[in-house]
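The structure appears below as structure tokens.
The values are calculated or read from the model by the stated rules, or taken from the named source; none is laboratory data. Model, not experiment: these values are computed from the prediction. Counting neighbours? That spans all protein chains shown, and the Cβs are built from the backbone with ideal geometry, glycine included.
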């Protein structure tokens with residue numbers, strides 16, 4: 001049996017642990033190391049909406065491949081009946097565009113179609129903006145605190161191990177055959193990754209009428 005360590009107990013670490021567990025359950029022992037778990041991770045306060053947004057990497061094909069695999073992973077959980085426990089929900093989206101091109105999500109999401117021109121004009125008039133086009137599609141949202149708790153329970157129930165302690169050096173895990181770094185912002189101190197930087201954001205939940213949602 002191989003021994004694999006995953007550094008980080010946030011959304012990336014736990015999802016990686018779950019995927020490796022599915023693929024290598026008969027050949028590997030998997031241990032997650034984290035100094036904090038949900039609800040005290042960065043992922044707990046994220047919106048959890050799947051969409052391609054603020055893409056800075058010029059390799060769009062690579063980003064689309066990653067995004068598609070994430071979408072398919074969430075779809076797999078939804079089809080398996082885990083939506084309630086994992087906080088997963090289908091979500092209709094209206095995306096306004098600054099140019100007339102198709103959105104980058106089209107090859108992944110369900111049912112993307114152009115918004116009627118009159119709808120775009122109504123938005124522009126109401127908000128005093130100048131969007132050129134818009135699309136409708138259906139994607140997923142994950143209520144992250146539920147999702148992280150679900151992944152954690154599932155991982156442990158399937159034989160995974162979680163060690164709650166801080167790891168300050170990869171040398172502390174020298175007995176493992178492979179180490180997967182999912183340490184997020186701690187990567188700067190752990191492996192000298194100075195390219196990691198925090199981005200501040202706010203999430204506001206609002207309610208709307210059924211007619212407005214349509």
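Look at region 68-100 and say how many of its residues are loosely packed, with under 12 Cβ neighbours inside 10 Å and touching a residue at least 60 places away in the same chain (Cβ under 8 Å).
Count: 0.
Please find, among 122, 112, the residue that is outside any strand (DSSP E or B) and either closer than 30 Å to residue 37 by Cα or assigned by TED's automatic domain parsing to the domain that holds residue 71 (or both). Reasoning before the result, please.
Numbers: 112 fails: outside any strand (DSSP E or B).
Exactly one residue qualifies, and that residue is 122.
Scan region 59-66 and give yes if some residue there is outside the structural domain of residue 164 (by TED's automatic domain parsing) and touching a helix residue (DSSP H, G or I) at 6+ places or on another chain (Cβ under 7 Å), otherwise no.
no
Which one is nearest to residue 11 (Cα to Cα), of the residues in region 56-67 that are loosely packed, with under 15 Cβ neighbours inside 10 Å and modelled with pLDDT of 70 or more? Can you show your working first?
Our first condition is that a residue be loosely packed, with under 15 Cβ neighbours inside 10 Å; within region 56-67, this holds for 56-62, 65-66.
Among the residues that remain, those that are also modelled with pLDDT of 70 or more are: 58-62, 65-66.
On the way: 58: 25, 59: 24, 60: 23, 61: 23, 62: 20, 65: 18, 66: 15 Å.
So the residue we want is 66.
Does region 68-81 contain any residue that is at pLDDT below 90 and more than 30 Å from residue 173 (Cβ to Cβ)?
The answer is no; no qualifying residue exists.
Is there any pair linking a residue in region 171-185 that is not assigned by TED's automatic domain parsing to the domain that holds residue 19 to one that is surrounded by fewer than 18 Cβ atoms within 10 Å (Cβ to Cβ) and modelled with pLDDT under 95, with Cβ under 8 Å and at least six apart or on different chains, and which?
Here the result reads none, with nothing in region 171-185 linked to a residue that is surrounded by fewer than 18 Cβ atoms within 10 Å (Cβ to Cβ) and modelled with pLDDT under 95.
Give the residue, chosen from 119, 128, that is without any contact (Cβ under 8 Å) to a residue 60 or more places away in the chain and either touching a strand residue (DSSP E or B) at 6+ places or on another chain (Cβ under 8 Å) or on the phi < 0 side of the Ramachandran plot (or both). Let's see the steps before the verdict.
Numbers: 128 fails: either touching a strand residue (DSSP E or B) at 6+ places or on another chain (Cβ under 8 Å) or on the phi < 0 side of the Ramachandran plot (or both).
The conditions single out 119.
Inside region 121-138, can you point out the residues that are surrounded by 16 or more Cβ atoms within 10 Å (Cβ to Cβ) and either in contact with a helix residue (DSSP H, G or I) (Cβ under 7 Å, 6 or more places away or on another chain) or modelled with pLDDT of 95 or more (or both)?
Within region 121-138, 131, 133, 134 qualify.
Determine if region 13-30 includes at least one residue that is exposed (fewer than 13 other Cβ atoms within 10 Å of the Cβ), touching a strand residue (DSSP E or B) at 6+ places or on another chain (Cβ under 8 Å) and touching a residue at least 24 places away in the same chain (Cβ under 8 Å). Explain how you work it out, then say what you get.
The first filter runs over region 13-30 and keeps only residues exposed (fewer than 13 other Cβ atoms within 10 Å of the Cβ), leaving 19, 22-23, 26-27.
Still in the list and also touching a strand residue (DSSP E or B) at 6+ places or on another chain (Cβ under 8 Å): 27.
Add one more test, that the residue is touching a residue at least 24 places away in the same chain (Cβ under 8 Å), and what stays is 27.
Looking through region 13-30, at least one residue is exposed (fewer than 13 other Cβ atoms within 10 Å of the Cβ), touching a strand residue (DSSP E or B) at 6+ places or on another chain (Cβ under 8 Å) and touching a residue at least 24 places away in the same chain (Cβ under 8 Å).
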